[in-house]
Amino acid sequence: MNGEFSRLSLETIFSEIKIGNFHVSSQLKRGEIPLISCKTEDHGVEGFFDISNDKTYENCVTIACDGQPLTTFFHPYRFAAKDNVLICIPRTDVKLTTILYAVACLNRERWRFSYGRKCYVNKKDKLTIPFPVDVNGHLDENSIKETLNIGEIKDFLPTKSKVALEPTLVKSFGHISITKLFELHTGDYHNASNLPRGNIPLISCGESDNGTVRYSSVPSERAYGNALTIAYNGQPLTTKYHPYRFAAKDDVAVCIPKRKLRVSTLVFLQYILNRQRWRYSYGRKCFKGKLSRLQLHVPLNDKNEIDEDVIEKIVSNTPYWEYFNSEVLANQQRKADTLEPFLGSESRQILQ
């Protein structure tokens, strides 16, 4: 850009600046309207909810007050906002290129609110943007447009489908008993030192090495595969997934699926169980009786059953899943060939 610059207030291009309407997203029903918060990723989208049109906006800018204050996004789609962001409604005569330029400038000045300083609505009057101006000191929008020169600007704008996948992915979450999904078996061995050395990992309640304490030789009827283990002791409810043959000590429960579950479902349930370890803090222990009463908060389908399609979409969008899943699939046949002689009758039936 050539010529003079002058720092102008936000009111130069925005007709109104207001705070978002919602404080706690957990009180909202799931829907299709993206709710913008002070997040710096996913274009600020916290989730998708059912929100009335009178509390939604479109073609507006949001500025974060918390988190990383001054994080700024332009939303060319209908959205709602939490009360930790400012909603900036552009003037009707302002060019889109000017709005995008302002967004870039604000993001470049996030350092002004570092070291825990927040950006409140009453600070908006102090926010200024270095705009190019003409000889009369007025905003020069043509200069901005010529300098940006980005052709079809719509190709560079975010869309609702790009900021988050499947806005109506999860229809509902609900509680399902762990015993509806798994048969719970307490591990078979108390003293590991009594077992001869072998090639079967012996799982205990430890957190390292996926719970493996040693490799032993065990009878086929006391080996399991493609199952979860849940710790009774140590850090109770610590859950591990074992896509291989293993034996278990009596300080863990072996969770054998009552029907064949997808790998993504087992990994998801491992995560859900580990998230509830706080229930057994302060020295409280977990035993089979307590564990059998545990309710898991999971996506449910219309039949009120665990929704494996939804879970697979959730898990497949997490980091490293593609690598993990490819490794499991690549070794699936090899494991099936070597696993069969080591499984009990119940586990064999599940794998078939």
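The values are calculated or read from the model by the stated rules, or taken from the named source; none is laboratory data. Predicted model only: the values in this text are computed from it and were never measured. Glycine gets a Cβ as well: all are built from the backbone with ideal geometry, and neighbour counts include every protein chain shown.
Which residues, taken from the stretch 73-86, are in contact with a strand residue (DSSP E or B) (Cβ under 6 Å, 6 or more places away or on another chain), surrounded by fewer than 22 Cβ atoms within 10 Å (Cβ to Cβ) and within 18 Å of Y101 (Cα to Cα)? Residue satisfying the conditions is F74 alone. Could you say whether any residue in the stretch 46-62 is over 30 Å from L300 (Cα atoms) and either in contact (Cβ under 8 Å) with a residue 60 or more places away in the chain or of a type in the set (V, I, T) (or both)? Scanning the stretch 46-62, I find at least one residue that is over 30 Å from L300 (Cα atoms) and either in contact (Cβ under 8 Å) with a residue 60 or more places away in the chain or of a type in the set (V, I, T) (or both), so the answer is yes. Taking the stretch 213-245 as the region of interest, how many residues are among the hydrophobic types (A, V, I, L, M, F, W, C), under 30 Å from L300 (Cβ atoms) and assigned to a strand (DSSP E or B)? Here the count works out to 4.
Scanning the stretch 9-44 for residues that are under 14 Å from T62 (Cα atoms) and of a type in the set (V, I, T) yields a count of 5.
Scoring I203 on the criteria (1) on the phi > 0 side of the Ramachandran plot; (2) touching a helix residue (DSSP H, G or I) at 6+ places or on another chain (Cβ under 9 Å) leaves a single failure, condition (1). Against the numbered list (1) within 21 Å of A104 (Cβ to Cβ); (2) of a type in the set (A, V, I, L, M, F, W, C); (3) in contact with a helix residue (DSSP H, G or I) (Cβ under 6 Å, 6 or more places away or on another chain), A81 comes up short only at (3).
The set of residues from the stretch 285-327 being surrounded by 15 or more Cβ atoms within 10 Å (Cβ to Cβ), under 25 Å from E207 (Cα atoms) and not aliphatic (A, V, I, L, M) comprises C286, K290, W321, F324, N325. Counting just the residues of the stretch 131-164 that are within 37 Å of the chain's Cα centre (by Cα) and surrounded by 14 or more Cβ atoms within 10 Å (Cβ to Cβ), which one comes out modelled with the lowest pLDDT? For the stretch 131-164, the residue satisfying everything is A164. In the condition set (1) surrounded by fewer than 12 Cβ atoms within 10 Å (Cβ to Cβ); (2) in a helix (DSSP H, G or I), Y282 is compliant with all but (2). Assigned by TED's automatic domain parsing to the domain that holds E308, among the polar types (S, T, N, Q), in contact with a strand residue (DSSP E or B) (Cβ under 9 Å, 6 or more places away or on another chain) and in a loop (DSSP other than H, G, I, E, B): is that true of N210 in this structure? Taking the combined requirement at face value, the residue does not satisfy it. So for the stretch 114-123 (the condition being modelled with pLDDT of 70 or more, within 27 Å of P69 (Cα to Cα) and surrounded by 14 or more Cβ atoms within 10 Å (Cβ to Cβ)), does at least one residue qualify? Scanning the stretch 114-123, I find no residue that is modelled with pLDDT of 70 or more, within 27 Å of P69 (Cα to Cα) and surrounded by 14 or more Cβ atoms within 10 Å (Cβ to Cβ), so the answer is no. Could you look through the stretch 20-32, keep only residues that are in contact (Cβ under 8 Å) with a residue 60 or more places away in the chain and surrounded by 15 or more Cβ atoms within 10 Å (Cβ to Cβ), and pick out the one that is nearest to the chain's Cα centre (by Cα)? Once the filter is applied, the top-ranked residue is R30.
G20 falls short of the stated requirement of being over 16 Å from L127 (Cβ atoms) and at pLDDT below 90. Criterion first (touching a residue at least 12 places away in the same chain (Cβ under 8 Å), over 25 Å from F173 (Cα atoms), in contact with a Pro (Cβ under 8 Å, 6 or more places away or on another chain) and assigned by TED's automatic domain parsing to the domain that holds L139) does F14 satisfy it? It is true that F14 is touching a residue at least 12 places away in the same chain (Cβ under 8 Å), over 25 Å from F173 (Cα atoms), in contact with a Pro (Cβ under 8 Å, 6 or more places away or on another chain) and assigned by TED's automatic domain parsing to the domain that holds L139. A residue that is under 12 Å from I230 (Cα atoms), assigned to a loop (DSSP other than H, G, I, E, B) and at pLDDT below 95 cannot be found anywhere in the stretch 256-268.
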